[in-house]
Structures are given as structure tokens and as C-alpha cells.
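Inspection log for the structure reproduced underneath, given as C-alpha cells.
The values are calculated or read from the model by the stated rules, or taken from the named source; none is laboratory data. Nothing here was measured: the structure is a model prediction, and the numbers come from that model. Neighbour counts run over all protein chains shown; Cβ positions are idealised from the backbone, glycine included. Heads up: the accessible areas ignore ligands, DNA and RNA and are worked out on the full protein's heavy atoms, side chains in. Shrake-Rupley method; radii C 1.70, N 1.55, O 1.52, S 1.80 Å.
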Amino acid sequence: MPASFPQYVTEAITGPLPDPPGVKLAKEGLKAKHPVVFVPGIVTGGLELWEGHQCAEGLFRKRLWGGTFGEIYKRPLCWAEHMSLDNETGLDPPGIRIRPVSGLVAADYFAPGYFVWAVLIANLARIGYEEKNMYMAAYDWRISFQNTEVRDQTLSTIKSNIELMVATSGGKKVVVIPHSMGVLYFLHFMKWVEAPAPMGGGGGSDWCAEHIKAVMNIGGPFLGVPKSVAGLLSAEARDIAVARGMAPGFLDMDVFGLQTLQHVMRMTRTWDSTMSMIPKGGDTIWGGLDWSPEEGYECSPKKPKNNNSEAGGQNGFGNLGNATQVHYGIMISFGKGVAELHSSKLERVDFRGAMKGNHLANTTCHDVWNEYHDMGVEGVKAVADFKVYTAGSVLDLLHFVAPKMMKRGGAHFSYGIADDLDDEKYEHYKYWSNPLETKLPNAPDMEILSMYGVGIPTERAYVYEFSPTPECFTPFRIDTSAEAGYEGTCLKGGVFSVDGDETVPTLSAGFMSAKGWRGKTRFNPSGIRTYIREYNHAPPANLLEGRGTQSGAHVDIMGNFALIEDILRVAAGATGQDLGGDRVYSDIFKWSERINLKL
């Protein structure tokens, strides 16, 4: 709601507005109890300039990310140069220091009028919270999780702030609320804080048990997101692919004297954090050439139902009917027909031995070099000739097309499933943000809630085409002309969709709480209780409702009244059981059952 509208004007148009959760719960007598820690996700936290090159004159401590983004328009090339990290180290390039903004202002609004944490903070304030018992764990979301400690001592700062909050609140444990990639960052933190120094924080094996009441994960990409693969492969997810289809020249033109897509790609490929969201668990989790957990999912709207049970339901966006089989296990296919073939009918040529060389690059685009220019025509053609890629072979594909980036990422992240979690190798930090290669802390009284939106088509697999003019361009692009030929299928504009929150598929957000961590498992040896809280998406009823109070979308859910109420109740002392246990609209339990994972 724009604050400029007096409430009586709004109510005259829309009818009486429901009380915001903070007002409603304050009337019920709820009071601030547990200190609250927010952990923002990728791109939502502000970054400011502390040292820069000549072109950034006058921008000391000004936001280069977040805020008005005015500098992109004034000095686009300078901005892209300063936002990029060193291609070898993944840290600051020489002569440039960009650091996270601190305090609640770091991520309350992403840009003027576009809230991220602001609505939740305002509702917490209604039941008595203030700056002393709320803390924004801001970090530089571009760099790898362990490097936030190496460069900025961020993990140590979070540890000491939590210890201080527990001490000054009379021993009350904190409620941690990570959002999006912040969920993976906090998983990493929970391993780091208990691991011995120098690699870890040396807090000892009962640190989490003594300091954390609950972790309320919002929109957590626990098992990665297919969108990240499209982002790393061709710097496009559906929104960019569609824009390119509508105005083919626009993104390949020099907007602001800037080869937009190429520069975006070169910049984002220096951000190691993006590699934390590559799908984890390979074909075991995401499916193979002829199967996937979500097999049979239909994209036709159905009436929502909520069954607080493990039976699973269908939310407002689909069900497991007799749809033509879409093999979601094929994450990338070159050609629409290929995606629908049985594996026995596929003719593939392995790309891994292909020669790279015969450079694609011509002299005009040396300023936007990316690793495709080293692949040569043969290498690029080999990728398309392999035809189909599952979550397992996508990793080989990324190593082939972006060896430098994946070499950096491989030092910080891992995507497998552990055979034996007691193997010493899993003490290394690169495994800490993968829930399939780590154990939860020994904290039987702690609770973990997975809270996420459902009912919005969410990217799951892509149909690609070999781009006709590889000179100076990205040689592959999503084939926006690929559409489903029949009702109920989820192929639109080259993208296969499933249920989710528009960014994270339900499978990634819900599987660990539904199955991987449910009860005592090898991933959850102390039997921490896990709950699933799904929020069925409803778009705003009218323009005055802004981004909606019932949204399930990945960022807009931060203004969802039901979600905010759940958070306030837990912060005031409630347990997951008090909230009513699981609340499920999707088929997450059914899909999880189909995944054959040793527990």
C-alpha cells in the first residue's frame, strides 16, 4: 500500500483492510521474546564502494548495488568493472574494494519502494522488537561463503553478535530467518561455527544447541535451482529469454554503449556465490533421462486444498494427472523433439573429448571476452551434439564451457551425495552448504522450518538452440519458439515449468524437511524436528494491494501476512507444533518418496 493513500480512501475502494499481523498479534498480547537474526539472500543486500578506480571518483561509500542504481546509467562500464571480482581469486580486483552495507538498512529495501525485509521488520516492531534484539547478518553475497570470513571476518561477526544477543536477552536463544541463498549461507555458518579453528569458528559441538531456538528458512534453494544453470550457461533465465524473443536486437545491442548480456555474463561469472545454487544431488535427486520425481505434473490450474498431513495435495497450480510424460530429468536439451524422446532413441556424441580451438573471438569483441571464446567452433558444436543434459551431466557441461569459473567454484562448493558422512574429507568447508554432504548440528531442541511459496510456474528445464552467429555472442540461447503442442504441459517459451515460488522449485525448497532430515537420519543424527510451511500463491486483489499480502513469489513472500504471522509467533516463543505442524499444498511428500536416497 502506498503510504500516501489515507487508509479511509483505500478502505472506501477495497473494503476494510485486515490488520497487519503485528497489530493483530499485539492485540492478542504477543510480546517480543527471542532475539531475531535476518540472513539476506543473493542480490538483496546493499553494497557500497570503499576504494575504486579513477572512473568511480566521488562515489566513496555510495551504494553501487541497491538503492537507485543511478550509477549504472551514468557510468555503465565503470559500474560493471567495479562490481566484478578477480577472475582467478574470486576476491577484490586490485585497487577496488566494495563492501556490504551494515545494519537493518542493508536489506530492508532493495530499491526505493521495493521492500525486502522492511514489512517483516515493521511487524516485529509492533510486538516490541527494536534494533537491540533484531540483527541483519549482512555479507558480501558475491563472494564464496568461506571467503566472507577470509576477507571480511563476517562469520566471526555473526557468531559474536548472536552470542551478545543471547547474553543480553537473559539467555534466550535466537530465531534465525534466512532468505533465499542466505539459507545456504546459514547452513555453512552452522558447520563453520562448530568446526575447530583455523578453518572453523571453534565454538564447539554444542554451540548451535546453546544459541539457536529455530531456523525459519524462507524460499531456501537447499538442493540448488535449475535457473542458475541457465544463468551460468547463457546469462539468461526466462525473463531475459522472453525479452530477447520480443526484441531480438535489444539485448545484443550496445545499450548505454554496453554489450549488455555479454557484460552481465562476464560480471556474474566472477561471483563465486552463484555456484552455490547449481543443482545438487545429481540424477538421484533431479531425475535422469527417463524419469524425474515430478513426473506427471500438470500445468493446469486446480482448486487449492490444504491438508496438514503427509498425504500431499495439489495447490492451485497443478496436479499429478495423466499428462504426457515430460522428462524433467533432462535439464538442458538442444531441440524440443529431443526432450520428449526416450533415452534409447537418442543419438548423442560425447562432448568431453572434443577439441577446443579455432577461436570464435574476433578482434571487435575483445572487451567482452568470456570463456566461450576459448572453446572454438568445434567445442561449441560438440556441446549441442551431446543433445541432452541431466543434473549430473550439467556439471560436466559447465566444466567444459567455463573451466576457470568452475575451478574456482570447485574449491568452495560441492554438488554430490555423501557415501559416508564420517569420512574426514567432509570436514572441509566446500561441503558445508550442501545438505546432502553434511550433518545438521547436534541440537535436538532446535527446530528447522522450511517456508516457501507454491502455486507459481517455476523454471525446471530448458530447450536450447545453437545460436547462428557466435561471433561476439553467447553461442547458445534458450529457444523461445519451443512451445507445448498440447494442454497441461509445462513448456512455454523454451522453458519447462513445475510447481514452486517462481525461482526455487518445490522439490529443492521442501525435500530436506520432507524426507532428508525428517526424523533421525544420517543427515540429521540428533533428530532436529523439521516442519514444512507452504504458502499458496494468490496475486494481489487490486493495484492498491501493492505486491500482495498472500504472495508466494520468491521475494514478495516477505510481505505475506500468513508467513509473517508464523515468524512472529515463533519469535514470541511458539514451536513448529504450535503453528499446526506441516502445512502442505503441493505434492512434495509424494515427490520425495520417489527419490531413492540412503537415509
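Would you work out if region 78-190 is rounded, prolate or oblate? Take a ≥ b ≥ c from the square roots of the eigenvalues of the alpha-carbon gyration tensor; rounded if a/c is under 1.5, else prolate when a/b is larger than b/c, oblate otherwise. Please list the in-between numbers first.
Values: a/c = 2.48, a/b = 1.52, b/c = 1.63.
Oblate.
Counting other Cβ atoms within 10 Å, which chymotrypsin sites (Phe, Trp or Tyr not before Pro) in region 263-293 have at most 10 and lie in a DSSP loop?
Values: sites: Trp271, Trp286, Trp291; in loops: Trp271.
Those that pass, being in a loop and sparsely packed, number zero.
What distance in nm separates the simple spin-label points at Ser102 and Leu346, each placed 7 Å from Cα in the Cβ direction?
Spacing of the two 7 Å Cα→Cβ label points: 5.1 nm.
What is the calculated FRET efficiency for Ala197 to Thr89, with r their C-beta to C-beta distance and R₀ = 22 Å, to the nearest 0.05? List each step's numbers first, then the result.
Working: r = 22 Å, r/R0 = 1.02.
Taking R0 as 22 Å, the efficiency between Ala197 and Thr89 is 0.45.
Which cross-chain or sequence-distant (5 or more) residues have an amide H under 5 Å from the amide H of Asn524, H modelled 1.01 Å from N in plane?
Hits under the 5 Å cutoff: Leu440.
Which FRET efficiency value, to the nearest 0.05, do you get for Glu28 and Asp152 by plugging their Cβ-Cβ distance into 1/(1 + (r/R0)^6) with R0 = 51 Å? Kindly include the intermediate steps, with their values, before the conclusion.
Details: r = 41 Å, r/R0 = 0.80.
Once rounded, the FRET efficiency stands at 0.80.
If the chain between Leu421 and Leu544 were fully stretched, how many nm would it gain, using 0.36 nm times the residue separation less the Cα-Cα distance?
Numbers: separation 123, 0.36 × 123 = 44.28 nm, distance 5.14 nm.
Between Leu421 and Leu544, full extension yields an extra 39.1 nm.
If N is the number of residues in region 65-119, what value comes out of its Cα radius of gyration divided by 2.2 N^0.38 Å?
Values: Rg = 13.4 Å, N = 55, 2.2 N^0.38 = 10.1 Å.
Region 65-119 yields a ratio of 1.33.
Work out the P(r) tail for region 425-579: percent of alpha carbon pairs separated by more than 25 Å, whole number.
On the way: 6029 of 11935 pairs.
Value for region 425-579: 51 percent of Cα pairs lie more than 25 Å apart.
Counting only protein heavy atoms and using a 1.4 Å probe, what share of the accessible area of region 13-95 belongs to carbon plus sulfur, as a whole percent? Present the calculation step by step, with values, prior to reporting the outcome.
Working: 2400 of 4060 Å².
Answer for region 13-95 is 59 percent, counting heavy atoms of protein chains only.
What is the distance, in nm, between label points placed 7 Å from the Cα along the Cα-to-Cβ direction at Leu77 and at Asp19?
Taking the two extended label points, one gets 5.9 nm.
Amide H to amide H under 5 Å from Tyr535: which residues, 5+ apart in sequence or cross-chain, H placed 1.01 Å off N in plane?
Close amide H contacts, sequence-distant or interchain: Tyr452, Gly453, Val454.
Tell me, what is the FRET efficiency for Asn442 and Asp290 to the nearest 0.05, using R0 = 30 angstrom and their Cβ-Cβ distance as r?
Numbers: r = 40 Å, r/R0 = 1.33.
For Asn442 and Asp290, the calculated efficiency is 0.15.
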